[in-house]
Structure formats: C-alpha cells, structure tokens
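To start, the structure under review is shown below, and the notes come after it.
Readers should treat all values here as calculations from the given coordinates under stated rules, not as data from a laboratory. Since the structure is predicted, the reported quantities are computational estimates derived from the model, not experimental observations. Cβ sites come from the backbone with ideal geometry, for glycine too, and all protein chains shown count toward neighbours.
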Amino acid sequence: MKKVLIIGLGSIGQRHLRNLNLINKKIKFIAYRRKKNTPTLNNNLEPNYSLKIEDLYNIKNFNSLKSSFDQRPDLAFICTPSSFHIKETIECLKKNIHVFVEKPLGSSNKNLSDLKRLYTRKKNKVITMMGYQIKFNPLFKHLRKFLNKNKDNIKKVEIFNGEHIDDFHKYEDYKISYAAKKSLGGGVLLTQIHEIDYFLDLFNKYDVEILSSELKRKTNLKLDVEDTFDGNFLLKNKYTNIPVKMHLDYYTKPKKKFIKIFYKKKIIIADFANKKFIIKKNKKSKIIFFKFENNNPFKNEVKFFLKAIKKKRISERFDLTNGIKTLEFVLQLKKLSKNSF
C-alpha cells in the first residue's frame, strides 16, 4: 500500500498510524481531521504537546473527505467518533477504497440500510475490516481454542467489563470525549461493544435469545448517556439452553474485564485485565499467564488487514458483515431497554 488515509487523528487514529509506520516505512499518510484537539501520543497514550503529529509523520491534512479522496488513497482507516462511521464508510465504498472501520460500525440505524445495499454490491471489489482488536489478543485466541475443544456441559456464562471513564484517556477530560456524548455515539453499550462482539463470536453456533436489557445511569458522572448496562441472554441449540449474564459500566476501579464459563465440573476464567487464563477444578486452580505488550493486538490486526488486501479476501468474522451483525444486536438491546439514552 502506497497511500493511506487516516480519517480522525484521536488516540485510536494515531495508534493505527504508528503501527502502519512500523509495519511499512514507505507508506505515505494523508488525513482528514475535523478537530485538532488530541495532542501527539505514544503507545502508552502519554501526550507530547510540543510535537505535532503531522510533522512527526509528514502527514498532509485535508479540510474535507472529498478533497482527501482526490489524492486517491489505497485504503482508509475510519477513526472518528462512532456517529460518523456509517456515513464515512459509505463514502469510502463509493470510491472503491479498502476500509478499516473502528468499532462500532455506527451508533444508530441511520443510513445502515444504504450501507448494507452498497456493501452487497462492493464486497467483491473492496476489502473491509472492523476494529475489534480483542480477536487478536493471545488470551482471547487461547479461550476460543479451548471452547472449540470443550463445547459440552457448559452451564452458564458471565461477562463483565467495568472501567472508570476518567481512566480511558488520561490526557483528556472525559466530559468532552465521544464516550460521554450521545451526539457522538457514546454510552457504555456502544463504547464497550467489544464484549458483545466477542460474545457473538465465541458462541456463533448458538441462537441468542435476549431475555432482558437494561440501560441505566447510576453515577453522578457528567454524561448524557448510560453508564451501566445489564443484560441476560439465553444461548440455544437443540441440545441445551445456556444462561448468560453481562455487565458493562463506566465506574469500576480498578478496571475488571473477564468472562467466566461454568461447566459441570470446572470453571474457566479469561481475565483480560490481568492477562491470565484460569481453570478451577476440584478446589484447585491452574493459571496460565500471558505476556504481551498492549499494543500488539492492535498491530496484529493492522497486519491482518494489509494481508487480506493483498490476498483479496477476508473472513466474515472480521469484515463489515461482522460489524453490521454486532451493531444490529446492540440496537436491539437499546430498543428493548425501558430506559432510552
């Protein structure tokens, strides 16, 4: 790839930029950036206010998406607030530009039908990918392999992701972040949609019945979106029904991120916050620790995308088909909740 368009240069846009530069020093970067509020960041999200990101990577900025398309980029990374994603994805597909879309695909069903129709026509010409980097997390890969070999006798599942919104970006006042604003596609359910996506991915052989969906605002945080989600599901096939409980929030300190799977005679825990896989059986625990830099899953997903473009194919686990499925599931959860945000 010779020319890459980065749409949005906030924290995730800059992360993809850094990783692309590491993978291929010959890439020429162009950007469309609505605002220039985010300082230059490193992989630990530490800011450098004296150095412009444009100068560091010799980026040419454009004032509109249309003018950036005039430069004929080979591919684009959509890293703007969630409410812009669908429209920007449509514009990229119209220009036959390979496109990587940060999660989630969108924040509402506005223009979603148009995107689905366009993608049906374009998917044999254009490679697309969703930014769900947890699928490239070594712990998640281990969990997925374990489940494929241990499919039977699951009794229940618990999924939890709690992290204080003020800890997301230390350099930024959370009150102005997209995660805190309805107009930008914020709210805990959309912001922490990774849990929905990996849940649907891990248990894709089951039908999922939504038993309950509750969005709440339980804190005094300065938000106009929900800070809590609690959902109950039923995984169904012709052999069994498995209850699933999911909790997401914006206020847990220190952060907790895990999935527990209860079998008849054992419990397994994938603890993403502490990078460990635990098997509890007969009052004993076996623990496998995973050592990797937090940036590695992000870097590996970008490598995967570039290889998919070269091969001219990509699995539906990773492309817009996946993004559409996950977003539609979340929109259904929002619709079923008695509280709307």
Inset, instruction - State, to one decimal in nm, how far the label point of Asn48 lies from the label point of Asn294, with both points 7 Å from Cα in the Cβ direction. - result: 1.9
Inset, instruction - Report the label-to-label distance for Lys311 and Asn232 in nanometres (one decimal), using points 7 Å from each Cα along the Cα→Cβ vector. - result: 4.2
Inset, instruction - Compute the FRET efficiency between Ser212 and Asp70 as 1/(1 + (r/R0)^6), taking r as their Cβ-Cβ distance and R0 = 41 Å, and round to the nearest 0.05. - result: 0.25
Legend entry - Top of Glu88, Glu46, Glu195 by mean-square fluctuation, Gaussian network on the chain, Cα under 10 Å: Glu46
Inset, instruction - Could you size up the charge dipole of the chain around its Cα centre, putting +1 on the beta carbon of Lys and Arg and -1 on that of Asp and Glu, and report it in debye to the nearest 20? - result: 1440
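At 20 angstrom or more along the helix axis (alpha-carbon based) and mean Kyte-Doolittle of -0.5 or higher, what helices does the chain contain? Whole DSSP H runs only. Intermediate values should be presented prior to the final figure.
Working: long enough: 296-311 (22 Å, -0.56); 320-336 (24 Å, 0.38).
Once both thresholds are applied, what remains is 320-336.
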Legend entry - Zone residues, the stretch 192-223, relative to Thr240, backbone N less than 19 Å from point 7 Å out along Cα-to-Cβ: 199-211
Legend entry - Positive dipole terminus of the stretch 121-161, leading residue within Val157, Thr128, Pro138 (C-beta point charges): Thr128
